[in-house]
1. Hey, any hits in region 339-352 for a residue that's open to solvent by less than 40 Å² (accessible area, probe 1.4 Å), assigned to a helix (DSSP H, G or I) and either under 30 Å from Cys258 (Cα atoms) or of a type in the set (Ser, Thr, Tyr) (or both)?
2. I'd like to verify a number: residues in region 254-304 that are out of contact with any strand residue (DSSP E or B) (no Cβ under 8 Å at 6 or more places or on another chain), of a type in the set (D, E, K, R) and free of Cβ contacts under 8 Å to residues at least 24 places away in the same chain, how many?
3. Restricting the search to region 533-543, which residues are open to solvent by less than 20 Å² (accessible area, probe 1.4 Å) and under 20 Å from the mean Cα position of the chain (by Cα)?
4. Run Asp82 past the list (1) within 28 Å of the chain's Cα centre (by Cα); (2) modelled with pLDDT under 95 and report the number of the one that doesn't hold.
5. If only one of Val33, Val53 is among the aliphatic types (A, V, I, L, M), under 23 Å from the mean Cα position of the chain (by Cα) and open to solvent by 20 Å² or more (accessible area, probe 1.4 Å), which one is it?
6. So for region 99-107 (the condition being among the aliphatic types (A, V, I, L, M), out of contact with any Asp or Glu (no Cβ under 9 Å at 6 or more places or on another chain) and at pLDDT 95 or above), does at least one residue qualify?
7. Criterion first (within 26 Å of Gln110 (Cα to Cα), modelled with pLDDT under 90 and out of contact with any Asp or Glu (no Cβ under 6 Å at 6 or more places or on another chain)) does Arg56 satisfy it?
8. Being of a type in the set (D, E, K, R) and either over 17 Å from Ala145 (Cα atoms) or assigned to a loop (DSSP other than H, G, I, E, B) (or both) is the filter; apply it to region 170-208 and report the residue that is modelled with the lowest pLDDT.
Amino acid sequence: MADRKQIISAIEGREYLRALGLVRELFTDAPTVANAQFALKQVAPMREHLALVPCRMAILRSFTVEPVVPILRALALFHGIDLTVHVGAFNAYSKELLDPQSDLYGFDPQVVILATQTRDVLPELWNNDSDLAAEDSEALAVRAAADIENLIGSLRSRSNAHLILNTLEMPSFPNAGILDSQRSTGQSETIRTVNRHMREAAAKHLGVYVLDYDALIARFGRLEWGDESKWLTMRMPLAADSFVHLANEYLRFLLPLCGRVCKALLIDLDNTIWGGVIGEDSLDGIKLGAEYPGNAYLEVQRAILDLHRRGIILAICSKNNPEDALEVFNRHDAMLLRLDHFAATRINWQSKAENIRDLASELNIGIDALAFLDDNPLEREEVRMLLPEVHVIDLPSSAALFAGALRSTPVFERLALSQEDRDRGTYYLAEQQRARLQNRTVTVEDYYRSLEMVVEIGAVTSRTIARVAQLTQKTNQFNLTTRRYSEQEIAIKAADAQWRVYALSAADRFGDYGLVGVAITSRSGDVCEIDSFLLSCRIIGRSVETALLSYVTRQAASEGMRWLRGWYLPTRKNAPSKDFYQKHGFKMISQSDGQTLFEYDLSKELTWPQWVKLQTEGSAAR
């Protein structure tokens, strides 16, 4: 357990990531408002040394949320987000959303949370003790949906902020008692209808998400969630122990919105996905099957498979004899995980930290985008000490609780799931085949030709907009400006006659890469400026980046542009793209504070790579 002396010592020693980890450990042991405030105070002087993503969040509410705010800000800091929070006036959420001069729009939030509860939104329903007529029940639901539609429309007309809506919660005891469940238009069923209408309203708009507040309350116990005395005296419906639960639920949305999610899960084997030690217990002796405790490990494997379907890359990181470990995958009838679910493996006797570094390199993923699952607290502590950027998942002592701990980990949350996410495991298996081909070919050009690369470049569409926004939010290494855009911001640019948003998909003889490249440009006079230019790390270095740039130059020249300009804005991670413009004939025309502006004369043709085939050329031109 971390103590305050360790934290202060780490700060004084300029071990900032370690200090942040220790503060997090202290808070996790006792997630109170006081410890959250202590954490914020300790982290304040070292903010500039941490790679924090700034985020402005507004909470509009019908009840008291102030004690939740420092806890949420502390949790956000532990995940690399510097969160500034504006709390709206009490029960004034409608006025703030509808008034263009309100403090909300002056704050200019990136994320807005609408925190309401049933008794405030529909007091006549909450207090009603009689069965509603069917038409009255539907009228309430329609009215509530219309109110939400109006508020969403008002926000969207003035802001590109993401909006998170609370569903309405059920009462612990319906006013009609058990009779409520016998009625099709009772209190509970009407609330369900309102929530369904709310989801339908949210689905009509980009960047609007639904937080299932009722399910959150049910998860932690309806009778334990609230504090009636606090509600009656200070309009606080939450018990003190519920503050951290609500903050954690907000965090599950905040992490994917800010791009602070993990891309890969590195998994230990013995006593993590099966019970026992394979090298000692043998294939027949390990615990894995339909009966306890073997079924607890099957639940862990099911949770891991669900993450895999969500696009999380899996890798093995185990201290073991390879032959023993692989035998379980190949021969144990109860295994749900197969070797082809894993993009990479490290099964040896090296330290876990060393293996994690190797896996990050092989997968071409940043250390801070890795999560580590291991039952052994000593192994977890070693990784925390040596690789504080890695998200180490704490597991309880009982294997029966492992799956729940994994499922509740917020760094795996996603707000949208593209086809590329679903197919990510397949992409990495194909990458292994490409690597073997590269080792067999004599020259780089021979390798490129042998790939038989095909690209399709076109304007962003309603089908591809989610993936385009996702790439701007997640791509770090080959990203010349690292500007992050939401779906609604991409949609606005795509609809503007002065802007172009291009999406690139690629495939080769080994398979489909999916949508892996984005270029965003704007026009002014005879100058076309590249606002964003980025490619997924798994396709860097195969000349696809040259193909995309060549396409952009052709489109700009065809529209009468004379010059193409682009900035390189350095970050901690985008060094691989530093010399990109210079290597393609651009000239540096200005430089300030490390930011460099390059220019290309569009009277010259930028050569298309001869081994890349362009499919449906010209379909993207506007």
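The values are calculated or read from the model by the stated rules, or taken from the named source; none is laboratory data. This structure is a prediction, so every number in the text was calculated from the model and none was measured. Glycine also receives a Cβ, built like all others from the backbone with ideal geometry; neighbour counts cover every protein chain displayed. Surface accessibility is based on the protein's heavy atoms, side chains included, excluding ligands, DNA and RNA. Shrake-Rupley method; radii C 1.70, N 1.55, O 1.52, S 1.80 Å.
1. Scanning region 339-352 turns up at least one residue that is open to solvent by less than 40 Å² (accessible area, probe 1.4 Å), assigned to a helix (DSSP H, G or I) and either under 30 Å from Cys258 (Cα atoms) or of a type in the set (Ser, Thr, Tyr) (or both).
2. The number of residues fulfilling the criteria is 4.
3. Let us first name the residues in region 533-543 that are open to solvent by less than 20 Å² (accessible area, probe 1.4 Å), namely 533-536, 539, 543.
Within region 533-543, Leu534, Leu535, Ser536 meet the criteria.
4. (2)
5. Values: Val33 fails: under 23 Å from the mean Cα position of the chain (by Cα).
When all the criteria are applied, what remains is Val53.
6. Of the residues in region 99-107, the ones among the aliphatic types (A, V, I, L, M) are 104.
This time we only want the ones that are out of contact with any Asp or Glu (no Cβ under 9 Å at 6 or more places or on another chain), so: none.
No; the residues of region 99-107 include none that is among the aliphatic types (A, V, I, L, M), out of contact with any Asp or Glu (no Cβ under 9 Å at 6 or more places or on another chain) and at pLDDT 95 or above.
7. no
8. So the first thing to find is which residues in region 170-208 are of a type in the set (D, E, K, R), and the list is 180, 183, 189, 192, 196, 199-200, 204.
Next, only the ones that are either over 17 Å from Ala145 (Cα atoms) or assigned to a loop (DSSP other than H, G, I, E, B) (or both) stay: 180, 183, 204.
On the way: Asp180: 89, Arg183: 84, Lys204: 91.
For region 170-208, the residue satisfying everything is Arg183.
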